[in-house]
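Asker: Input: one structure, supplied below.
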Amino acid sequence: KGGGVSVTVGSGNSGVGGVLTVTSGRAQVATGGKIIMHSGYGSASSSGAITIRTANAGDKGVSGYLQFSSGTSSSGTTGSISIGSGAATEGAGGDMSLTVGKGDTGAGGSVTVTAGESTTATGGLVSVTSGEGTSSTSGLISIETANAGAAGSSGVIVMSSGVGTAGNSGSISIGSGA
């Protein structure tokens, strides 16, 4: 078994706990440094996992939040964020799950997907595409609300285009392939 490396900052008794900051190098005329995290390779088994999570909340308060964002740009395109699973040679592709927490006495968490706004060009695109089956059926896309509980109604599905102030509003097209 390989040896472990542990980096731990101090805990706080009456104040906040210590901060752990990892910053790559800054460059004046070239690209700044990278931060790379790799899990261990298993030559005859699975590769190691990478877990990024905040600690549970205490008796009072909320658990910490996770923020993934690229920096701003003053004269060009901002950086992209790519999250994906690897391709499989002799097996199924890895799944990706996006799940928010449920509420006990309050409402469950929301999932919001919003494309970028543009002041002088077309706004960003939100695209959901199922997987292609090159020798079989393509994947399914399912949009549904959960069943209602003992009291109440099931959720609403709304499909609408935005309002056009100086032109046509967008159209909605639903159809099958040729």
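Asker: Looking at 161, 171, 154, which is the one that is open to solvent by 90 Å² or more (accessible area, probe 1.4 Å), over 30 Å from residue 92 (Cα atoms), modelled with pLDDT of 90 or more and in a loop (DSSP other than H, G, I, E, B)? Spell out how you get there, then give the answer.
Answerer: Details: 161 fails: open to solvent by 90 Å² or more (accessible area, probe 1.4 Å); 154 fails: open to solvent by 90 Å² or more (accessible area, probe 1.4 Å).
Only one candidate passes the filter, namely 171.
So that you can scan it fast, the table gives a plain yes or no per residue for (1) of a type outside the set (A, V, I, L, M); (2) open to solvent by 100 Å² or more (accessible area, probe 1.4 Å):
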{"residue": "2", "(1), (2)": "yes, no"}
{"residue": "30", "(1), (2)": "no, no"}
{"residue": "33", "(1), (2)": "yes, no"}
{"residue": "49", "(1), (2)": "no, no"}
{"residue": "63", "(1), (2)": "yes, no"}
{"residue": "66", "(1), (2)": "no, no"}
{"residue": "73", "(1), (2)": "yes, no"}
{"residue": "94", "(1), (2)": "yes, no"}
{"residue": "98", "(1), (2)": "no, yes"}
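Asker: Can you list residue pairs whose Cβ atoms sit under 6 Å apart, with the first residue in segment 119-144 being without any contact (Cβ under 8 Å) to a residue 12 or more places away in the chain and the second being open to solvent by 80 Å² or more (accessible area, probe 1.4 Å)? Count only pairs 6 or more apart in sequence or on different chains.
Answerer: 123/117; 130/141; 138/132
Asker: Now, a different point. Report yes if residue 89 is in a loop (DSSP other than H, G, I, E, B) and surrounded by fewer than 10 Cβ atoms within 10 Å (Cβ to Cβ), otherwise no.
Answerer: The answer is yes for residue 89.
Asker: For segment 1-22, give me each residue that is closer than 27 Å to residue 33 by Cβ and among the β-branched types (Val, Ile, Thr).
Answerer: 5, 7, 8, 9, 19, 21, 22
Asker: Kindly establish whether residue 111 is open to solvent by less than 100 Å² (accessible area, probe 1.4 Å), in a loop (DSSP other than H, G, I, E, B) and at pLDDT 90 or above. Break it down into steps so the answer makes sense when it comes.
Answerer: Numbers: open to solvent by less than 100 Å² (accessible area, probe 1.4 Å): yes; in a loop (DSSP other than H, G, I, E, B): yes; at pLDDT 90 or above: yes.
It is true that residue 111 is open to solvent by less than 100 Å² (accessible area, probe 1.4 Å), in a loop (DSSP other than H, G, I, E, B) and at pLDDT 90 or above.
The values are calculated or read from the model by the stated rules, or taken from the named source; none is laboratory data. As the structure is a prediction and not an experimental result, all values here were calculated from the model. Cβ sites come from the backbone with ideal geometry, for glycine too, and all protein chains shown count toward neighbours. Just so you know, the surface numbers come from the protein's heavy atoms only, side chains and all, with ligands and any DNA or RNA stripped out. Shrake-Rupley method; radii C 1.70, N 1.55, O 1.52, S 1.80 Å.
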